[in-house]
Each structure stands twice: as structure tokens, then as C-alpha cells.
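The values are calculated or read from the model by the stated rules, or taken from the named source; none is laboratory data. Remember, predicted model here, so these are calculated numbers, not experimental data. Cβ sites come from the backbone with ideal geometry, for glycine too, and all protein chains shown count toward neighbours. All accessible areas refer to the heavy atoms of the entire protein, side chains included, with ligands and DNA or RNA removed. Shrake-Rupley method; radii C 1.70, N 1.55, O 1.52, S 1.80 Å.
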Amino acid sequence: MALAPVEQGAWGAAEGWLALEFLQYTGTFKARGAFNFIRAHREAGTLPDTGAVIASGGNAGLACAWAAAQHSVPATVFVPETAPAVKVDRLRRLGAEVHQIGTEYADARDAAQKHAAETGALLSHAYDHPLIAAGAGTVMEEILQARPDLDTVLVAVGG
């Protein structure tokens, strides 16, 4: 993980550092959660040969595709037809089977759930799973290893 100092004086007398999660393998922190999810299922013997399936607007799908490739299993990603072409292209470069379904995330989610039921693929979620959240949380361990003297951490959260 990369930490970058904030310009001296930018936060008054406080010293600041930024965790550069955009430097993760897929450009976001989501790689952490997806890798943890896939690895935990591999270790538990619950990762099927049919791989993983996820519905995504893009970033979580990239993370799932990357994590699946790291474990030599297929990834199937359902995205809305409105997903950015650059993300769809990158998903395919990561080896994912990509399906563009409907115009809303809900359409992609429904198709991913149906795919999992029909094929036995492991259904992943973009964020709402304990293993995904635990993987994302590994950033804190790395921050504390790099800066054990920290007394405050601010975290931006969203979707």
C-alpha cells in the first residue's frame, strides 16, 4: 500500500497522510474485498469450478474478475448496458465473461442471481458480505504498519 504525505500546513498543525487505494490492482479498494472473498472460499473448499459471478456497475466487477483470475477460476460479470465501455473492455481483458443486461443495476443483479442458481457459480456482492467488508478493512492494518503513531483516521465511504 502506498501512503502519501499531505502538503505541510494543509490541515493546520496536523500532519496528514493519504492511503492511495487507487493504486490497487483494479484502481479501487474493492480488490481487497474481492480477493478476500475468493480466497476464503478457496480455502474453505467452497469455490466451485464454475467460478464466481457478480453484478456490478464496474469497479466491483473488475475486482471480482481480477481476484478470480488470481485463483485460476472463471468470473462472470453482469453489468447494465449503461456501464462505461472502458470498464467493460477492462473486464474482458481480465478474462471475465461479461453480460450487459438492462439499463439498471437491478437488472444485472437479477441476471447474476439467476446465473448463480443455474450454474452453481459462487455469487459475490459488490459490498454487502462480511468477507468483502473484512477484505476492505485490511487497509487499516497496512496503515498502522506504515504509521503506528497515528491517532486519527478519516475514511470516506460510499455505495
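Segment 103-120 and segment 1-75 have their alpha-carbon centroids 22 Å apart. Placing +1 on the Cβ of every Lys and Arg and -1 on the Cβ of every Asp and Glu, with no other charges, gives the chain a dipole of roughly 380 debye about its Cα centre. In the context of the full set of protein chains, segment 71-159 has a per residue accessible area of 62 Å² (1.4 Å probe).
Atom-type composition of the exposed protein surface of segment 98-150 places 55 percent of the accessible area on carbon and sulfur (1.4 angstrom probe). Each of Pro48, Thr26, Ala13 was scored by the projection of its Cα onto the charge dipole of segment 1-69, and the greatest displacement toward the positive side belongs to Pro48; charges sit on the C-beta of Lys, Arg, Asp and Glu.
Of the residues Ala68, Tyr105, Phe35, the one whose Cα sits farthest toward the positive end of the charge dipole of the chain, with +1 on the Cβ of Lys and Arg and -1 on the Cβ of Asp and Glu, is Ala68. These residues, Leu23, Leu144, Leu91, Leu3, go from largest to smallest accessible area, 1.4 Å probe, as Leu23, Leu144, Leu3, Leu91.
The 3J(HN,Hα) values that the Karplus relation (6.51, -1.76, 1.60; θ = phi - 60°) gives for segment 146-153 are, in residue order, 6, 9, x, 8, 4, 10, 9, 10 Hz. Gly and Pro appear as x. Helical runs (DSSP H, four residues minimum) scored at -39500 (n - 2.57) apiece and divided by the length of the chain put the mean residue ellipticity at 222 nm at -13000 deg cm²/dmol. Note on Asp149: accessible area approximately 100 square angstrom, rounded to 10, probe 1.4 Å, nucleic acids and ligands left out.
Counting only Cβ charges, +1 for Lys and Arg and -1 for Asp and Glu, the dipole size of segment 68-124 around its Cα centre is about 260 debye.
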